[in-house]
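Peer 1: This is the structure, below, for whatever I ask next.
The values are calculated or read from the model by the stated rules, or taken from the named source; none is laboratory data. The shown structure was predicted, so the numbers you read here are calculated from the model rather than taken from an experiment. So basically every Cβ, Gly included, is an ideal-geometry build from the backbone, and we count neighbours across all protein chains shown. The area values use the complete protein model at the heavy-atom level, side chains included, leaving out ligands, DNA and RNA. Shrake-Rupley method; radii C 1.70, N 1.55, O 1.52, S 1.80 Å.
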Amino acid sequence: MLTVTLIRAAGVWSLVVLAVFCPVIFLSPSVAPEARVVSAMMLGSLVLWIGGCGALMWRHRGAVVAWLRALPLPEAPKFVLAATALACVEEAITTLMTNLAPLFGGTRGVEGIVNATNYFHVVLLHSVVTFVPAFAAWAWLLRRHAFTPAQVFLIYGFTGTLGEAVFVRPDALLAGYWIFVYGLFVWLPACAMRRPPAQRAVRLRHVALALLLPIVAALPVAAVAIAVDAALGLPHIGA
């Protein structure tokens, strides 16, 4: 019950943040045009991913869970594959928004909410590739501890928010919507994952482990991806 209350509070806070800052960003003459373009891209991504895809997941959750459970794969790899597929969908949306820069008054390849206009560059060297070990960490956790799908949603949502704040944009901690961006990667896979009947009850130390372990697991992969990206010399937005 507490978990659901916290998720609802994050949702309300997200709407408050958007309601307060969107008029300032889009109507104030003091805001730089580049910032307005990027904000429009982000708003479009939130509407499509959280509002659109999130609503579809909720409405069809029973059918999706039944389909995932019917797949002839071990539970942990199935969880990782399902979460990775959802992350790829979200990054398809953000890459699309970045490529639509002219629609928002910007220039393609100059402003963006991801690092590149090429989808495969984004997912293989910047984003999804670093999520996979984090999803593997969660699959390991779910085999041992009785986290509910709502707890997985909230904890990984906060992990993603923390990662955004540390590595990308410090103001991410103020925007509750990042919890939904990341939480939707793992919620349905957690609903579908069959788990052993005997699992440890979730304690505070397990929550701390679940919050930090995905970040620790992702760091080596992120380092390799950054090195490969630099070696290839691929074009970057803002470079």
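Peer 1: Restrict the check to region 101-111 and report whether at least one residue is among the polar types (S, T, N, Q) and over 21 Å from the mean Cα position of the chain (by Cα).
Peer 2: Within region 101-111, the first condition is being among the polar types (S, T, N, Q), and the residues that meet it are 107.
From what's left, over 21 Å from the mean Cα position of the chain (by Cα): 107.
Yes: one or more hits.
Peer 1: Give 16, 31, 38, 20 a once-over and let me know the one that is surrounded by fewer than 11 Cβ atoms within 10 Å (Cβ to Cβ), among the β-branched types (Val, Ile, Thr) and within 18 Å of residue 175 (Cβ to Cβ). Spell out how you get there, then give the answer.
Peer 2: Details: 16 fails: surrounded by fewer than 11 Cβ atoms within 10 Å (Cβ to Cβ); 31 fails: surrounded by fewer than 11 Cβ atoms within 10 Å (Cβ to Cβ); 38 fails: surrounded by fewer than 11 Cβ atoms within 10 Å (Cβ to Cβ).
Going through 16, 31, 38, 20 in turn, the sole match is 20.
Peer 1: Would you call residue 195 farther than 30 Å from residue 13 by Cα and either among the aliphatic types (A, V, I, L, M) or more than 16 Å from the chain's Cα centre (by Cα) (or both)?
Peer 2: Values: farther than 30 Å from residue 13 by Cα: yes; either among the aliphatic types (A, V, I, L, M) or more than 16 Å from the chain's Cα centre (by Cα) (or both): yes.
It is true that residue 195 is farther than 30 Å from residue 13 by Cα and either among the aliphatic types (A, V, I, L, M) or more than 16 Å from the chain's Cα centre (by Cα) (or both).
Peer 1: Same structure, new question: Quick check on region 74-109: of everything there that is at pLDDT 95 or above and charged (D, E, K, R), which residue is farthest from residue 182 (Cα to Cα)?
Peer 2: Going through the qualifying residues, I end up with 75.
Peer 1: Give the residues of region 82-103 that are over 27 Å from residue 230 (Cα atoms) and open to solvent by 60 Å² or more (accessible area, probe 1.4 Å), sorted by residue number.
Peer 2: 102, 103
Peer 1: Taking only pairs six or more apart or across chains, which ones have beta-carbon atoms under 8 Å, a first residue in region 74-88 that is under 12 Å from residue 130 (Cα atoms) and hydroxyl-bearing (Ser, Thr, Tyr), and a second residue that is assigned to a helix (DSSP H, G or I) and at pLDDT 95 or above?
Peer 2: Final answer for the pair search is 84/128; 84/131; 84/132; 84/135.
Peer 1: Answer yes or no: is there a residue in region 155-165 that is open to solvent by 40 Å² or more (accessible area, probe 1.4 Å) and either closer than 20 Å to residue 81 by Cβ or at pLDDT 90 or above (or both). Before you say what the answer is, go through the steps one by one.
Peer 2: Start the filter on region 155-165 by keeping residues that are open to solvent by 40 Å² or more (accessible area, probe 1.4 Å), which leaves 158, 162.
Narrowing further to those that are either closer than 20 Å to residue 81 by Cβ or at pLDDT 90 or above (or both): 158, 162.
Yes, region 155-165 contains a residue that is open to solvent by 40 Å² or more (accessible area, probe 1.4 Å) and either closer than 20 Å to residue 81 by Cβ or at pLDDT 90 or above (or both).
Peer 1: Restricting attention to region 41-81, which residues are of a type in the set (Phe, Trp, Tyr) and either under 26 Å from residue 143 (Cβ atoms) or open to solvent by 80 Å² or more (accessible area, probe 1.4 Å) (or both)?
Peer 2: The initial filter retains those residues of region 41-81 that are of a type in the set (Phe, Trp, Tyr), namely 49, 58, 67, 79.
The answer is 58, 67, 79.
Table: residues versus (1) touching a residue at least 60 places away in the same chain (Cβ under 8 Å); (2) in a loop (DSSP other than H, G, I, E, B); (3) touching a helix residue (DSSP H, G or I) at 6+ places or on another chain (Cβ under 6 Å).
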| site | (1), (2), (3) |
| --- | --- |
| 173 | no, no, yes |
| 178 | no, no, yes |
| 196 | no, yes, no |
| 205 | no, no, no |
| 212 | no, no, no |
| 217 | yes, no, yes |
| 236 | yes, yes, no |
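Peer 1: Name, by its number, the condition in (1) closer than 28 Å to residue 38 by Cβ; (2) buried (at least 19 other Cβ atoms within 10 Å of the Cβ); (3) touching a Phe, Trp or Tyr at 6+ places or on another chain (Cβ under 8 Å) that does not hold for residue 129.
Peer 2: Failed condition: (3).
Peer 1: Starting from region 1-19, take each residue that is of a type in the set (A, V, I, L, M) and list its partners that are open to solvent by 80 Å² or more (accessible area, probe 1.4 Å), counting only C-beta distances under 8 angstrom and pairs at least six apart or across chains.
Peer 2: 17/174
Per-residue answers, yes or no, for (1) within 27 Å of residue 14 (Cα to Cα); (2) in contact with a helix residue (DSSP H, G or I) (Cβ under 7 Å, 6 or more places away or on another chain):
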{"residue": "44", "(1), (2)": "yes, yes"}
{"residue": "57", "(1), (2)": "yes, yes"}
{"residue": "77", "(1), (2)": "no, no"}
{"residue": "80", "(1), (2)": "no, yes"}
{"residue": "84", "(1), (2)": "yes, yes"}
{"residue": "98", "(1), (2)": "yes, yes"}
{"residue": "104", "(1), (2)": "yes, yes"}
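Peer 1: Looking only at region 8-60, count every residue that is in a loop (DSSP other than H, G, I, E, B) and modelled with pLDDT under 95 and tell me the total.
Peer 2: Start the filter on region 8-60 by keeping residues that are in a loop (DSSP other than H, G, I, E, B), which leaves 28-32, 60.
Going one step further and asking which of them are modelled with pLDDT under 95, we end up with 28-32.
The total comes to 5.
Peer 1: Which pairs turn up if I take residues in region 96-114 that are touching a residue at least 40 places away in the same chain (Cβ under 8 Å) and look for partners that are of a type in the set (Asp, Glu) and assigned to a helix (DSSP H, G or I) with beta carbon separation below 6 Å, at least 6 apart in sequence or on another chain?
Peer 2: Taking only residues 6 or more apart or on different chains, the pairs are 111/34.
Peer 1: Being farther than 20 Å from residue 114 by Cβ and open to solvent by less than 40 Å² (accessible area, probe 1.4 Å) narrows it down to one residue among 201, 210, 225; which is it? Lay out the reasoning, then the answer.
Peer 2: Working: 201 fails: open to solvent by less than 40 Å² (accessible area, probe 1.4 Å); 225 fails: farther than 20 Å from residue 114 by Cβ.
None of the others qualify; the one that does is 210.
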